[in-house]
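Below: the structure, in structure tokens.
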Amino acid sequence: MSQFKNTNDLFLEPKTTQYGSHMIMTNVTKQTKTKYINIDTRFRDEYNYLQIANYNITLPERIADVSKMTVKSVEIPISFHNISSNIGNNCFNVTISGTTTKITIPDGNYNTTSLTSALNTALTGYNLTYNNSSSKSTLTSTSGTVTVNFAIGSTGGSDKYNFKSKLGWLMGFRNSTYSITSTITTSESFIDLNGPRYLYLAIDEFNKGNQHSFYSPLYTSIINKNIIARISLDPSNHSFGTVLPVNYSNGLLLSDTRSYTGKIDLLKLNVQLLDENGNNVALNGLDFSFCLEVEHE
């Protein structure tokens, strides 16, 4: 067995063959090296206080002949809101006697108490009151019939395809429109203000050799094809205002290992942090960081 193993190992070693006056060496492979790249979005190409996490970063030196890349750790400030204009879930339409008005609540990180207060403030003068009971939402008209439409975009126009990311869905309402009367209208489902539950890290290294392995379908499309990692959030231990450390040890990180069809050079990166609906996360002026492990020759 030992002799067989030693003989087999010989086939993996460089081999020199003489052809006349020429010597040809085969089975030669360059030893790969590992490099760790720390990316901090504070040091992006243009620091212009963008609210959304979509940045271009240029490395100080080119890393040549990269064969593999994976994410080892991420640090994310929990500074993003669960209801905001960036997500498009802070508004809905009410129609009274043929007149439609868009109701908007301020961006914020809401719980059931603060959401009730914000909604009733916004609904003052529109014959509607909001409450919550047994983890469900209720709407009641104080005068006549009021039509509520949750499936709208930021301008007030129809947006039925993204209904599941709208305010009505968070409130537990599973239909896009309701006719509210003096009889209490109760949501079909529980209120869920815990989102997002996870984020995606997307990296575009501007190279065609990128083999995409993350596939996350939406209603009519798929999320950014440059996703390299999925990040689980942990609100019970890392609430709003804290920094979430993400790695393999705490089980919050799932990263692809990109193996390139041909070796590439790394110099410029586009980095995005996305929520579960594919929206760029708004960190409200804060920055995030992560560490890449790359194999290169």
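All of the numbers you see were taken from the coordinates with simple rules; none came from a lab. Not measured: the values here are computed from a predicted model. Virtual Cβ from ideal backbone geometry, glycine too; neighbours counted across all protein chains shown.
So here's what we get for this one:
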read-out	value
Alpha-carbon centroids, the stretch 53-96 and the stretch 141-197: separation in whole Å	27
In the stretch 34-88, GluC sites (Glu not before Pro) in a DSSP loop with at most 14 other beta-carbon atoms within 10 Å	Glu46
Cβ-based exposure ranking for Cys291, Cys91, in which fewest neighbours within 10 Å come first	Cys291, Cys91
Nearest-ten-degree value, helix 112-122 long axis tilted from longest Cα axis of the chain	60
Net charge of Cβ neighbours under 13 Å - reference Asn38; Lys, Arg +1; Asp, Glu -1	-1
Extension gain from Tyr36 to Thr95, taking 0.36 nm per residue of separation minus the Cα-Cα distance	15.6 nm
Fewest-first ranking of Ser179, Ser221, using other Cβ atoms within 10 Å as the exposure measure	Ser221, Ser179
The chain - Rg (one decimal) and Dmax (whole number), Cα, Å	26.7, 102
Kirkwood-based Rg to Rh ratio, the stretch 91-186, C-alpha trace	0.92
Environment charge of Asp287, counting only residues whose C-beta is closer than 11 Å and scoring Lys/Arg +1, Asp/Glu -1	0
Length added when fully stretched, Phe190-Ser85, from 0.36 nm per residue minus Cα-Cα	35.5 nm
Selection of chymotrypsin sites (Phe, Trp or Tyr not before Pro), the stretch 232-276, meeting DSSP coil and at most 16 other Cβ within 10 Å	Phe240, Tyr248
Fluctuation leader among Ala202, Ala53, Ala118 - the chain, Gaussian network, Cα springs under 10 angstrom	Ala118
Neighbourhood charge, 11 Å Cβ-Cβ cut-off, centred on Trp169 and excluding it, Lys, Arg +1 and Asp, Glu -1	+1
Estimated Rh, the stretch 193-246: Kirkwood, alpha-carbon pairs, angstrom	13.2
Contour excess over end-to-end distance, with Cα ends at Ser158 and Thr183 and 0.36 nm allotted per residue	6.3 nm
